[in-house]
Amino acid sequence: MSIRLNHGPARLQRPFGPTPFHTWAFPDGTLWTEFYRVGGGYLLRFPELADFEVAAEGREVTCFPVPEVSEATSQHLYLNQVLPLVLSKIGKLVFHASAVEVADVAIAFAAESGRGKSTLAASFAVSGFRFLTDDGLVVESVPQGFEVLPSHPSIRLWADSEEALIAPGTETAPALSFTPKSRFLAGDAIRFCDQPRPLRRVYFLGDGSAKTLEFRRLSPAEALVEWVKHSFLLDIEERPRLASHFDQVATLANQPIHYRLDFPRRFEDLASVRQAIVEHACNESVRA
């Protein structure tokens with residue numbers, strides 16, 4: 001899974017000729033990423049921050065930061081945005097999801113931005129469990145099913161989650177100008193699992209409108225739709241790769257491990273939510 005990252009010189013983002021074949025935007029419509037095809041490879045542009053050129057086969061990436069953009073910003077963009085996309089290009093299953101270790105197995109939380117997957121992972125990580133990833137969940141097929149690979153050892157949180165969960169003095173990464181989120185580094189206060197773990201449960205988080213904590217088993221068809229919705233994909237028009245990705249995701253979705261999970265988003269309830277999740281994940285009677 002080796003990807004080579006090169007550091008190019010800082011350069012201005014000059015207007016690019018072709019129309020991007022894909023874009024990402026924030027919910028308010030602000031443009032976040034532009035996807036271009038360049039000489040058989042790709043250019044990923046983060047406006048006013050950095051360009052990343054990706055080789056055709058996906059094994060090499062070169063970063064060109066905008067002048068005065070910090071190395072911490074470039075590294076953050078690479079780890080959290082570019083690397084998951086590149087891993088998808090080389091055939092890995094990568095999803096917008098967090099994961100934690102419970103009793104030597106992995107539990108994943110998939111959700112749209114803002115629904116609390118990082119907060120939930122952090123809640124476990126400061127409460128005697130270990131986290132595997134904050135986002136960019138990499139899943140691999142193994143003879144016994146699927147396993148989760150560990151990601152980089154840090155968790156990003158909004159200020160309210162930080163205040164509720166993180167002990168003063170916990171080590172942080174350098175602040176980034178384009179986001180108010182803080183990134184907390186794994187250590188004694190936030191525990192990290194650096195080994196793959198079998199995937200035991202997947203919880204797709206609801207919008208928080210539930211009045212009480214609710215689990216609902218998903219059918220394979222429902223799980224497939226959810227996984228596709230949360231997939232990282234570099235080239236959404238590359239048909240052979242899309243077909244392969246769909247086949248892999250369909251196999252994963254057929255595992256009897258997928259649930260919808262919703263609960264009121266109150267920090268004071270997180271301890272009971274954690275306990276309910278642990279009991280549900282470890283209960284063999286609800287697995288089949």
Quiz prompt | Protein-only accessible surface order, largest first, of Lys229, Lys211 at 1.4 Å | solution = Lys211, Lys229
Quiz item: Based only on the alpha carbon positions, what is the Kirkwood hydrodynamic radius of the chain, in angstrom?
Solution: 19.8 Å
Self-check item: Residue-normalised accessible area of the chain, expressed per residue, 1.4 Å probe, Å²
Solution: 47 Å²
Quiz item: When the Kirkwood radius is taken over all Cα pairs of the stretch 32-116, what Stokes-Einstein diffusion coefficient follows at 25 °C and 0.890 mPa s, in µm²/s?
Solution: 170 µm²/s
Quiz item: Per the helix-only calculation at 222 nm, which mean residue ellipticity applies to the chain, given -39500 (n - 2.57) for every DSSP H run of n ≥ 4 and division by its residues, nearest 500 deg cm²/dmol?
Solution: -7000 deg cm²/dmol
Practice problem: Note the count of lysine pairs whose C-alpha atoms are less than 26 angstrom apart in the chain, limited to pairs 8 or more residues apart or on different chains. | Solution: 9
Exercise. Quick one: net charge around Glu34, please, counting Lys, Arg +1 and Asp, Glu -1 for every other residue with C-beta under 14 Å from its C-beta.
Key: -1
Quiz item: What residues qualify as long-range amide H neighbours of Arg130, i.e. H under 5 Å apart, gap of 5 or more or another chain, H built at 1.01 Å from N?
Solution: Glu101
Quiz item: Can you tell which of Ala25, Ala99, Ala122 shows the greatest fluctuation in a Gaussian network model of the chain with Cα springs below 10 Å?
Solution: Ala25
Exercise. Just the number, please: percent antiparallel of the DSSP beta bridges in the chain, rounded to the nearest 5.
Key: 75 percent
Quiz prompt | Relative contact order (percent, whole number), the chain, Cα cutoff 8 Å, 6+ residue spacing | solution = 16 percent
Practice problem: Inverting the mean 1/r over all pairs of different Cα atoms, compute the Kirkwood radius of the stretch 80-159 and quote it in Å. | Solution: 12.9 Å
Practice problem: Working from the alpha-carbon coordinates of the stretch 167-228, get Rg over Rh, Rh being the Kirkwood radius. | Solution: 1.08
Exercise. Keeping the other protein chains in place, figure out the carbon and sulfur percent of the accessible area of the stretch 6-132, with a 1.4 Å probe.
Key: 51 percent
Self-check item: Solution diffusion estimate, µm²/s, Stokes-Einstein, the stretch 1-154, Kirkwood Rh from C-alpha pairs, 37 °C, viscosity 0.692 mPa s
Solution: 194 µm²/s
Exercise. State the percent of C-alpha pairs, over all pairs in the stretch 1-69, separated by a distance greater than 16 angstrom.
Key: 50 percent
Quiz item: Distances over 19 Å make up what percent of all Cα-Cα pairs in the stretch 212-288?
Solution: 50 percent
Quiz prompt | For Glu101, net neighbour charge (Lys/Arg +1, Asp/Glu -1) across residues whose Cβ lies under 14 Å away | solution = +2
Quiz item: What is the projected area of the convex hull of the Cα atoms of the stretch 135-178, averaged over all directions, in nm²?
Solution: 4.8 nm²
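The values are calculated or read from the model by the stated rules, or taken from the named source; none is laboratory data. Quantities reported herein were computed from a predicted structural model and do not represent experimental measurements. Every residue, glycine as well, gets a Cβ built from its backbone with ideal geometry; the counts of neighbours run over all protein chains shown. Accessible surface is based on the protein model in full, side chains and every heavy atom, while ligands, DNA and RNA are left aside. Shrake-Rupley method; radii C 1.70, N 1.55, O 1.52, S 1.80 Å.
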